[in-house]
Every structure is written in C-alpha cells, then in structure tokens.
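The values are calculated or read from the model by the stated rules, or taken from the named source; none is laboratory data. These numbers were taken from a predicted model, which means no experiment stands behind them. Cβ: placed from backbone, ideal geometry, glycine included. Neighbour counts: every protein chain shown.
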Amino acid sequence: MRSKSITSSLLLLLAAFIWGSAFIAQSLGMDHLGPLAFVSIRSFIGFIALVPVLLVMQAIQKKRDPANPVVPVDRKNFLRAVKGGVICGIFLVIAMLCQQYGILYLNQTGGNVGKAGFITTMYILLVPIFGLFFRQRVDAKLWISVALAIFALYLLSFSENFTIAPGDILLILCAFGFAAQIMAADFFVRETNGVLLSCIQFLFSGLVTVLPAIFIEHPDPKMIFSAWMPLLYTGVMSSGIAFTLQIVAQKNLNPTLASLLMSCESVFAVISAFIILREMPTYRELAGSVIMFAAIILAQLPSGIFKKKTRSE
C-alpha cells in the first residue's frame, strides 16, 4: 500500500510538472498564433487525446459492470453528460482565453511568464470561497490564506503607485474561471464519468472558439505548423496525459496530499520559465510567489493541525 502511495505521489508530481511547464508552451505558442486559435486547436487536440482514454475505460467498465457503461447509452443520461460538459466548457473557455491573453500581454511587455502560474493557481483558494454560496463550511485558516494571497497579488501584479497591468487582471479572471469550472465539474461528475465530461468540455471549447479565431485572427496552415510543438504539448501532455495521471494517482492518495502536490504546478512554472526562457523574477515577484505558495499550502492543510478534533471525521 505504501509503494502505491509513493508511486501515485510521483505520478501526480509529474502531472503538476506538465501543467507548470505548459505555461512556457503557451507563451511560445503566442509567437505564431493568436489566443483564440491557440485555445481552439489545443482544445481539439485535448479532446482527441482523451478519446482513447475514454475508450479504454469503457472497455474496462464493460467487463466489470456492463449495466453501468462509462458513456451512457440511454438518451436522458447522455444528454445530462452533454449538458454538464457544455456548462463546464463555458467556464473552461473563459479561463483559457483569459489566461492566454494574459500570457500574450506578458510576452509583449517583457513580463515574467512564471508568475502567471502563481496567479492562476489562486483558484485553489477561490474554490472553497465559492463554496460559501452553497453553504459549505469554511475554516478560519482559509481567511488567513486569502489575506496572504491578496498581499501576494499586490507584490506580483501591482506597481509601487498601485496600478495593475491588464495582463495580470486577465490572469486573475482566469483563476476565477478555473474555480467556477472546478465547481461545475464537481457537481456534474456525480452524474457522469469525469473523462467523458472532460472530453465534451474540450470539444465544446474547440467548437466555440474556432469561428472567432478564423474571422478575427485568420490563422493559416503555416502558422499552425510553426506552433505544432506548443500545441501538442498543451493538447496531448497537459490535457491528455496529465489529466489521466491525475485520475489514476488520486485513487490512492489522501485528497489533501493530492492538492498539495498539484499546487506545485506554480513552482514548476517559475522554474521552467527560468530554465527555458531565461526569465529571472524580480525580488518583488519572488516574494509574492513565495507568499502565494504559502497561502495555497496553508489553505489545504488539515484543520486538525490548528485545533483538536471534536468529532470523528
């Protein structure tokens, strides 16, 4: 059992590395394609990459329990899965476009792409806050984390005269989009398979952005081919492989440990930006990154660390 836990931890850490380094691929992709085209194509690639995973899961489930297939055959359940995928896809498109335009702005202004990872990872703090609207209990430590995150955002995004760059605003909106997408996925995954839900949301994301990309950005085959590596990395590695690793690894891990490992995405984003793009964060950005990471870690620590348990959990 311990060996399974160690293996799962390493797999989830690998997924976090893929997600973190994907920020670099997204940055490099902006040298050849516009945000709409990049999001559309990577979404279609993500959909194609997840289809084999879905088929394998369908075959395994068919052997185990033929009465409950991964892809529902009855019209009512299938339409429910499509509805969930579309709603999740709406939030996913908003998040990905905000992120991509934010990264584009950082490229144009010479900003540090690595900090985009820390701002985006703020969704881990936003998810439990959104839960307040559904009457979910929130621990006091979360509010401490939020206060730390706000200070970290000030260091990362605000200048000394208290102005914020448009790109950073988009990245903050991106974090809100991902938090909403996670909340929606958490609701609909109770009714359908998670991989099926993800397939539909990626397909929707690709379809809803393809026409705006064609008419606004006018991508041509040469531009797409020039960005083939960033597109494949974000589509296959980030959406397909990393997502599958997450599903496999989380089965054998405590949710708190899983969240802690996945939050390392932000650290890998900064490291990758330094190694590949030679971007060195300023002392202000470095301090903001450390404080943001501390806020994320604090928000995920079990409540029992701070107080004695009064009931069995």
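At a glance:
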| item | result |
| --- | --- |
| Criterion (farther than 25 Å from Leu142 by Cα, in contact with a Phe, Trp or Tyr (Cβ under 6 Å, 6 or more places away or on another chain) and modelled with pLDDT of 85 or more) met by exactly one of Gly89, Gly102 | Gly89 |
| When residues of the stretch 190-213 are limited to those that are over 21 Å from Ala49 (Cβ atoms) and without any contact (Cβ under 8 Å) to a residue 60 or more places away in the chain, the one surrounded by the most Cβ atoms within 10 Å (Cβ to Cβ) | Leu211 |
| Residues satisfying the stated conditions in the stretch 223-274, i.e. within 28 Å of Ser3 (Cβ to Cβ) and free of Cβ contacts under 8 Å to residues at least 12 places away in the same chain | Asn254, Pro255 |
| Test result for Ala25, part of a helix (DSSP H, G or I) and closer than 29 Å to Pro219 by Cβ | yes |
| Answer residue from the stretch 129-160, given it is touching a Gly at 6+ places or on another chain (Cβ under 9 Å) and not in a helix (DSSP H, G or I) and is nearest to Gly111 (Cα to Cα) among those | Val138 |
| Top-ranked residue in the stretch 36-91 [being outside any helix (DSSP H, G or I) and free of Cβ contacts under 8 Å to residues at least 24 places away in the same chain; ranked as nearest to Asp220 (Cα to Cα)] | Val73 |
| Sole residue being among the hydroxyl-bearing types (Ser, Thr, Tyr) and over 18 Å from Phe178 (Cα atoms), chosen from Ser263, Ser259, Ser289 | Ser289 |
| Candidate set: the stretch 298-313, residues that are part of a helix (DSSP H, G or I) and either out of contact with any Ser or Thr (no Cβ under 9 Å at 6 or more places or on another chain) or over 12 Å from Leu142 (Cβ atoms) (or both); chosen: the one modelled with the highest pLDDT | Ser303 |
| Test: residue in the stretch 202-214 that is hydrophobic (A, V, I, L, M, F, W, C), over 20 Å from the mean Cα position of the chain (by Cα) and under 19 Å from Ser27 (Cβ atoms) | yes |
| Failed condition for Val127, given (1) under 30 Å from Arg278 (Cβ atoms); (2) surrounded by fewer than 21 Cβ atoms within 10 Å (Cβ to Cβ); (3) not aromatic (Phe, Trp, Tyr) | (1) |
| Which numbered condition Gly111 fails, given (1) farther than 26 Å from Met262 by Cα; (2) assigned to a loop (DSSP other than H, G, I, E, B) | (1) |
| Residue that is modelled with pLDDT under 95, surrounded by 21 or more Cβ atoms within 10 Å (Cβ to Cβ) and in contact with a helix residue (DSSP H, G or I) (Cβ under 9 Å, 6 or more places away or on another chain), where the choices are Ala37, Ala49 | Ala49 |
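Residues are listed down the side, and each one gets a yes or a no for (1) more than 19 Å from Tyr123 (Cα to Cα); (2) touching a helix residue (DSSP H, G or I) at 6+ places or on another chain (Cβ under 6 Å); (3) assigned to a helix (DSSP H, G or I):
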residue	(1), (2), (3)
Ala184	no, yes, yes
Val195	yes, yes, yes
Phe204	yes, yes, yes
Leu207	yes, no, yes
